[in-house]
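What follows draws every value from the coordinates through simple rules; no lab data is involved. What you see is a predicted model; the values in this text were computed from it and never measured. Reconstructed Cβ throughout: ideal geometry from the backbone, glycine too, with neighbour counts over all protein chains shown.
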Amino acid sequence: MTCLDCKSELSYVDHRESMDALGVELCKKHKRRIDRLVRKNNTPIEAIQLYYSLKQAGASPMLEWWDGQKFIDLAFSRVKLNIEIDCEYEKLTEIQAINDLQQAMLSVKDGFTTLRIPHMLVNQQLHKTVLDILGIVEGLKTKVKII
């Protein structure tokens, strides 16, 4: 049991607290850092799990990246990919849907691709989700090289 950030050994208590709260193995220092991020930006736990899974797969995502207008759950800035975790899509109102569409339009105008991933997909198919995102990142890398 080691911290996914600093690779330090975890005690059973630290491991259990981190897994119960976040679903990932973090030491006290990194768990506190992520806890602050969650409180400050209302970061979905699924975004944290996806972030660490992508890092373990060799990718370099950014967690809670500021795009100039709002914080994005996960981003790959080199290929201009934003990833948002949808946690309350079943409660989506018409106004929120239009706002999301307008945000997506602004992102596209700036050259960004935005993926909206339902939280249940991360909960139930994390490995497959990571593989699909890695495939999208590779495709976007190819696109960036061509241009």
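In table form, for the structure just shown:
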read-out	value
Three-way shape call for region 95-147 based on the alpha-carbon gyration tensor, with the a/c threshold at 1.5	oblate
Unsatisfied cross-links (Cα-Cα over 18 Å) in the set LYS7/LYS80; LYS40/LYS70; LYS55/LYS109; LYS70/LYS109; LYS31/LYS80	LYS7/LYS80; LYS55/LYS109; LYS31/LYS80
Pairwise label distance in nanometres, ALA59 with LEU140, each label 7 Å out on the Cα-Cβ vector	0.9
Folded to 0 to 90 degrees: helix 45-56 orientation relative to the chain principal axis, Cα	80
Of (i) 25, 18, 13; (ii) 38, 19, 13; (iii) 27, 19, 14, the label for semi-axes √(5λ) of the Cα gyration tensor in Å derived from the coordinates	(iii)
Computed over the chain: relative contact order in percent, which uses C-alpha pairs under 8 Å that are six or more apart	17
Within a Gaussian network of the chain (alpha carbon springs, distance under 10 Å), most fluctuating of ASN42, ASN99, ASN82	ASN99
0 to 90° range, to nearest 10: angle between helix 12-22 axis and the chain longest Cα axis	20
Alpha-carbon centroid distance for the pair region 100-147 / region 36-96, whole angstrom	11
Globularity index of region 1-41, i.e. its alpha-carbon radius of gyration over 2.2 N^0.38 Å	1.05
Candidate aspartates and glutamates for bridging to LYS29, where Cα separation is under 19 Å - those fewer than 8 sequence places away on the same chain excluded	ASP5, GLU9, ASP14, GLU17, ASP20, GLU64
